[in-house]
Amino acid sequence: MDDLIIAIAEDDAGHFELVRKNLWLSCIDNEILHFKDGQAILDFLFQKGTGPKRLNGKSYIILLDIRMPKVDGHDVLECIKKDPKLKKIPVIMLTTADDSSEVDLCYDLGCSFYMVKPVDYNSFMEAVESLGKFLSLQYLRVPKV
Amino acid sequence: MEKNTAILIAESNQDHYQIIERNIKRAIIGEDIKRFDNGRALVEFLFTSERHPVSCVLVLDLDIEGFDGLEILRKIKSDSYLKKMPVIIFTAQQDQKKIDRCHELGCSIYISKPQEVAEFSDTVYKIGRFLLNVKVPILNSLLEN
């Protein structure tokens, strides 16, 4: 989907760069937004605060880390999924936390998918590449909010 | 994806099912695939806890025979254990209201079926490769104790 905006909430600059680069390598040329903590992405989505604000009528998909400053990924996910409009945004967890109770909690809160960031570089690249090819499917249909 | 994850495919169209099965198998070698060619069989399977697998992903065509696909999604996402199961909508229906409704009800993602066989195959293959890198929650309520 060409007009899909990918919002990435990730406090680790190195991880963000790896993800951005590997999405690009799998032919994603969508707009990518970067948020360095949970509060920043919430302010953006809920059109609050002093930073950039979401425009109405766009399609978003969120890649969400769990361990972030200010507001963590669980709380971000919960806020999004409790909002009648924003709940339609697919949220894919992308996190180092590889623990079944974490996985369960996030799906229970309404995430679309849960991906663990592999420790080794090559596996990380492959995982993000498969995500990129999936997100670049022209048949993906994401609602506008 | 863990080894004991089953991929449930709810698809009434025999030709479509064959392409889906072939390409999922190509993408994810060794996975357990269960087919449901009608909605009633799927609902019975899911809501009888002794029979459904520990963890599964559902690929659901809204045009499934014998039961309204949206209603199946609603039932799954209203159930306190089944709601964690990722549901991928893969359907020919492209009505914007349906797409929105599926996301409101909590589908993981919505993908419209390509008309052309090579694109259909490629799309399913990319879904499969992506699922390889996804963690799937454990559903079986018996394990909660």
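Just so you know, all these numbers are worked out from the coordinates, no wet-lab data involved. These numbers come from a predicted model, not from an experiment. Quick reminder, even Gly has a Cβ in these numbers, built from the backbone with ideal geometry, and neighbours come from all protein chains shown.
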Of A:100, A:59, A:123, which is the most mobile in a GNM of chain A whose springs link Cα atoms less than 10 angstrom apart?
-> A:100
For segment B:9-71 and segment A:79-144, distance of Cα centres in Å = 22 Å
Could you give the size of the charge dipole of chain A about its Cα centre, using +1 on the Cβ of each K and R and -1 on the Cβ of each D and E, expressed in debye and rounded to the nearest 20?
-> 840 debye
As a check on your grasp of the helix formula, calculate [θ] at 222 nm for the protein assembly as shown: sum -39500 (n - 2.57) over DSSP H runs of n ≥ 4, divide by the residue count, round to the nearest 500.
-> -12000 deg cm²/dmol
Taking N as the residue count of segment A:69-124, its alpha carbon Rg divided by 2.2 N^0.38 Å gives 1.20
Which log10 I(q)/I(0) values, to two decimals, does the protein assembly as shown give at q = 0.10 Å⁻¹ under the Debye formula with one point per Cα?
-> -0.49
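Find the relative contact order for segment B:45-128 and round it to a whole percent, using C-alpha pairs within less than 8 Å whose residues are 6+ positions apart.
Normalised by residue count, the contact order of segment B:45-128 is 26 percent.
As an exercise, identify the trypsin sites (Lys or Arg not before Pro) in segment B:1-99 lying in DSSP coil whose Cβ has no more than 15 other Cβ atoms within 10 Å.
On the way: sites: B:3, B:22, B:25, B:26, B:34, B:35, B:40, B:51, B:74, B:75, B:77, B:83, B:84, B:97, B:98; in loops: B:3, B:51.
Answer by residue number: B:3, B:51.
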Proximal aspartates and glutamates to residue B:75, defined as alpha-carbon separation beneath 20 angstrom and excluding residues fewer than eight positions away on the same chain | A:104, A:108, B:11, B:37, B:44, B:50, B:61, B:63, B:65, B:100, B:104
Please find, in a Gaussian network model of chain B (springs between Cα atoms separated by less than 10 Å), the residue of B:133, B:38, B:13 whose mean-square fluctuation is greatest.
-> B:133
Counting only DSSP beta bridges with both residues in chain A, what percent are antiparallel, rounded to the nearest 5?
-> 5 percent
Cα lying deepest toward the dipole's positive end in chain B, options B:139, B:125, B:88, charges on Cβ | B:139
Rounded to whole Å and sorted largest first, what semi-axes of the equivalent ellipsoid does the C-alpha gyration tensor of segment A:18-145 yield via the square root of 5 times each eigenvalue?
-> 22, 19, 14
Taking Cα pairs under 8 Å and at least six residues apart, what relative contact order does chain A come out at, in percent?
-> 30 percent
Given the pairs A:21/B:83; A:81/A:133; A:58/B:98; A:87/B:126, which span a C-alpha to C-alpha distance of over 27 angstrom in this model?
-> A:21/B:83
Could you size up the charge dipole of chain B around its Cα centre, putting +1 on the beta carbon of Lys and Arg and -1 on that of Asp and Glu, and report it in debye to the nearest 20?
-> 420 debye
Selection of GluC sites (Glu not before Pro), segment B:10-78, meeting DSSP coil and at most 15 other Cβ within 10 Å | B:50
Return P(r) of segment A:1-89 (all Cα-Cα pairs; 10 Å bins starting at 0; whole %; ordered from short to long distances).
-> 17, 51, 30, 2
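In chain B, which whole DSSP H runs stretch at least 15 Å along their own axis (Cα) and average -0.5 or higher on the Kyte-Doolittle scale?
Correct list, ordered by number: B:117-132.
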Taking Cα centroids, how far is segment A:1-60 from segment B:90-135 in Å?
-> 22 Å
Going from the alpha-carbon gyration tensor of segment A:1-46, what semi-axes, largest first and in whole Å, does one get by taking the root of 5 times each eigenvalue?
-> 19, 15, 4
How long is chain B along each principal axis, judged by its Cα atoms, biggest number first, in Å?
-> 47, 34, 23
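Between rounded, prolate and oblate, where does segment B:61-145 land on the alpha carbon gyration tensor, with a ≥ b ≥ c its root eigenvalues, rounded for a/c under 1.5, else prolate if a/b exceeds b/c?
Here segment B:61-145 falls in the oblate category.
Going by a ≥ b ≥ c, the root eigenvalues of the Cα gyration tensor, does segment A:20-70 fall in the rounded group (a/c under 1.5), the prolate group (a/b larger than b/c) or the oblate group?
The shape class here is oblate.
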Count the DSSP beta bridges whose two residues both fall in the protein assembly as shown, then state the antiparallel fraction as a percent rounded to the nearest 5.
-> 10 percent
